[in-house]
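K.L.:
Provided herewith is a single structure, encoded as structure tokens, for subsequent inquiry.
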Amino acid sequence: MAKQHYKLTKLELLRRIVFITIGAALVSVALEIFLVPNNIIDGGIVGISIILSHITGVSLGIFLFLINLPFLIIGYKQIGKTFALSTLYGVTVMSIGTTLLHPVKALTYSTFLAPVIGGVILGIGVGLVIRFGGSLDGTEIIAILFTKKTPFSVGEIVMFFNLFILGSAGFVFSWDSAMYSLIAYYIAFKMIDVTLEGFDQSKSVWIISDEAKEIGDAIMSRLGRGVTYLQGEGAFSGGMKRVIFCVITRLEEAKMKSIVQELDPSAFLAVGNIHDVKGGRFKKRDIH
């Protein structure tokens, strides 16, 4: 049987809160000081919120919070309580931050600097939040749900969804704004990768541990992911080892590492990028 749900220590919780706060604050700065004043949008729920705010005149922060809220509830079952609470906190900070910064004048109206600097700051902010177990956008949660009933991967669904939203900027603002938005989105996407050191849509995980059964049970019960046990032989020791293999989404990497660290700090853990996952049993069970 897997151990009961691991509770973060006070220091770990403080560290997570601090970095999610910094990340969400950076996103607020990128949006209100660089992107929104120049009619440049981001992808996902943030992009939808910017468009709706422009059309209705309602505060951007209100849309950011309200539209993300349903996906936080879905995220509770898809990735777990810790993720949902971390995301709720991050979205709240981002919403408050954009509201407070809205009266502040943009630092630049340059069509070159705004998407570049805004994209860099946005990517770093989003990357920090994801790295410490949260999210600021419900797009990937939507994609995880869609993969259960469609032949498309998470990455393909996210790309289609974001291209549709970024293209909408051409009708709402101008086609110049749509192209600048694409530039900002690309830069932000790359900065997320840099912040997370090669973070991608899906991850392959290999774990070698004497506590393989316990770790495998924890992954299945706490992440909702299936695992495969393989038998391996150490080249130096000649001893037989049980190897765990599984595939996770990028939002689950932080929790995966905490599970392994908790159950066997000396375990060998290798995480690699996967560009596409189809077939097999890469389906996520709800976490209760």
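The values are calculated or read from the model by the stated rules, or taken from the named source; none is laboratory data. All of these numbers come straight from a predicted model, not from anything done at the bench. All Cβ positions, glycine included, derive from the backbone under ideal geometry; neighbour counts span all protein chains shown. SASA here: full protein model, heavy atoms, side chains in, ligands and nucleic acids out. Shrake-Rupley method; radii C 1.70, N 1.55, O 1.52, S 1.80 Å.
K.L.:
Show the residue pairs that are 6+ apart or on different chains and have beta-carbon atoms under 9 Å apart, the first residue being within region 167-193 and closer than 18 Å to LEU52 by Cβ and polar (S, T, N, Q), the second being in a helix (DSSP H, G or I) and open to solvent by 40 Å² or more (accessible area, probe 1.4 Å).
P.N.:
So the pair list comes out as SER168/ILE48.
K.L.:
Can you tell me which of (1) over 30 Å from TYR109 (Cα atoms); (2) of a type in the set (D, E, K, R); (3) out of contact with any helix residue (DSSP H, G or I) (no Cβ under 6 Å at 6 or more places or on another chain) is the one LYS190 doesn't meet?
P.N.:
Single failed check for LYS190: (1).
K.L.:
Need the failing condition index for LEU101 against (1) touching a Ser or Thr at 6+ places or on another chain (Cβ under 6 Å); (2) open to solvent by less than 40 Å² (accessible area, probe 1.4 Å), just the number.
P.N.:
Result: LEU101 passes all but (2).
K.L.:
If you check THR98, THR108, which single one turns out to be assigned to a loop (DSSP other than H, G, I, E, B) and either at pLDDT below 90 or of a type in the set (S, T, N, Q) (or both)?
P.N.:
Working: THR98 fails: assigned to a loop (DSSP other than H, G, I, E, B).
On inspection, the qualifying residue turns out to be THR108.
K.L.:
Here's something else I'd like to know. Within region 59-74, track down each residue that is at pLDDT below 90 and either open to solvent by 50 Å² or more (accessible area, probe 1.4 Å) or in contact with a Lys or Arg (Cβ under 6 Å, 6 or more places away or on another chain) (or both).
P.N.:
Residues satisfying the conditions are LEU69, PRO70, ILE73, ILE74.
K.L.:
Right, here's the next one. Of the residues that sit in region 47-58 and are assigned to a helix (DSSP H, G or I) and free of Cβ contacts under 8 Å to residues at least 60 places away in the same chain, which one is surrounded by the most Cβ atoms within 10 Å (Cβ to Cβ)? Lay out the reasoning, then the answer.
P.N.:
Taking region 47-58 first, the residues assigned to a helix (DSSP H, G or I) are 47-56.
Now restrict to residues that are free of Cβ contacts under 8 Å to residues at least 60 places away in the same chain: 49-50, 52-53, 56.
Numbers: SER49: 28, ILE50: 26, LEU52: 18, SER53: 19, THR56: 10.
Ranking the candidates gives SER49 first.
K.L.:
Do any residues in region 18-46 that are closer than 19 Å to LEU88 by Cα and open to solvent by less than 10 Å² (accessible area, probe 1.4 Å) have Cβ atoms under 9 Å from those of residues that are among the small types (Gly, Ala, Ser) and part of a loop (DSSP other than H, G, I, E, B), where the two are at least six apart or on different chains, and which pairs are they?
P.N.:
ILE20/GLY133; ILE20/GLY134; GLY23/GLY134; ALA24/GLY134; GLY44/GLY138; ILE45/GLY138
K.L.:
Return yes when ILE62 is without any contact (Cβ under 8 Å) to a residue 60 or more places away in the chain and assigned to a helix (DSSP H, G or I) and no when it is not. Break it down into steps so the answer makes sense when it comes.
P.N.:
On the way: without any contact (Cβ under 8 Å) to a residue 60 or more places away in the chain: yes; assigned to a helix (DSSP H, G or I): yes.
Answer is yes for this residue.
K.L.:
Got a sec? Which of ALA178, ALA169 is within 15 Å of ILE45 (Cα to Cα), open to solvent by less than 40 Å² (accessible area, probe 1.4 Å) and touching a helix residue (DSSP H, G or I) at 6+ places or on another chain (Cβ under 7 Å)?
P.N.:
Values: ALA178 fails: within 15 Å of ILE45 (Cα to Cα).
Just a single option satisfies the conditions, and that option is ALA169.
K.L.:
Please enumerate the residues belonging to region 47-67 that are under 15 Å from SER95 (Cα atoms) and not small (Gly, Ala, Ser). Quick ask: steps written out before the conclusion?
P.N.:
So in region 47-67, the residues under 15 Å from SER95 (Cα atoms) come out as 47-50, 52-53, 58-67.
Across region 47-67, the qualifying residues are ILE48, ILE50, LEU52, VAL58, LEU60, ILE62, PHE63, LEU64, PHE65, LEU66, ILE67.
K.L.:
Could you check region 189-271 for strands (runs of 3 or more DSSP E) lying wholly inside it with 2 or more residues that are of a type in the set (Gly, Ala, Ser)?
P.N.:
On the way: elements: 202-208, 228-233, 240-249.
So the answer is 202-208.
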